[in-house]
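Scroll down for the structure; my scribbles are underneath it.
Please treat every number below as a calculation from the coordinates, not as lab data. The structure presented is a predicted model; accordingly, all values stated were derived computationally and were not measured. Cβ coordinates were reconstructed from backbone atoms using ideal geometry, including for glycine residues, and neighbour counts include every protein chain displayed.
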Amino acid sequence: MSVLAVIAFLMRSGGYRLPERSLTVLVGILVSQAIVNIVQHRTGVPAELVWIHVLLTTLAWLAMLWSVGGAGRLNPRR
């Protein structure tokens with residue numbers, strides 16, 4: 001939910017648009033992970049789906065790092 005709030009904040013007029021693409025990818029990964037989680041719950045957690053869930057978690061972490069890296073450094077306070 002917080003990812004959607006950040007995207008909405010960035011999409012406002014004059015917002016900082018650089019990490020928008022990486023955050024959109026992150027939302028897609030999180031939605032995919034939620035779908036896998038629902039399927040796991042309904043099918044009794046098959047081992048194959050656990051590995052897919054772990055893979056999606058790793059990809060979500062990488063997308064988060066991509067977002068932070070794309071945002072750049074903060075300007076020092078004066």
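What are the ³J(HN,Hα) values, in whole Hz, obtained from phi via the Karplus relation 6.51 cos²θ - 1.76 cosθ + 1.60 with θ = phi - 60°, for each residue of the range 61-73 in sequence order, with x given for Gly and Pro?
Whole-Hz 3J(HN,Hα) from phi for the range 61-73: 5, 5, 5, 5, 5, 4, 5, 5, x, x, 6, x, 8.
With a cut-off of 8 Å between alpha carbons and a minimum separation of six or more residues, what is the relative contact order of the chain in percent?
Taking the mean separation of contacting Cα pairs over the length of the chain, I get 37 percent.
For Rg and Dmax of the Cα atoms in Å, the listed values are [x] 17.1, 52; [y] 19.0, 53; [z] 15.8, 56; which was obtained by calculation from the structure presented?
For Rg and Dmax of the Cα atoms in Å, the calculated option is [z].
How do 48, 20 line up, fewest other C-beta atoms within 10 Å first?
The order, fewest Cβ neighbours first, is 48, 20.
Helix-only mean residue ellipticity at 222 nm, the chain, DSSP H runs n ≥ 4 weighted -39,500 (n - 2.57), per residue, nearest 500. What is it?
Theoretical 222 nm ellipticity from helices: -26000 deg cm²/dmol.
Give the calculated FRET efficiency between residue 62 and residue 42 to the nearest 0.05, with a Förster radius of 22 Å applied to their Cβ-Cβ distance.
0.20
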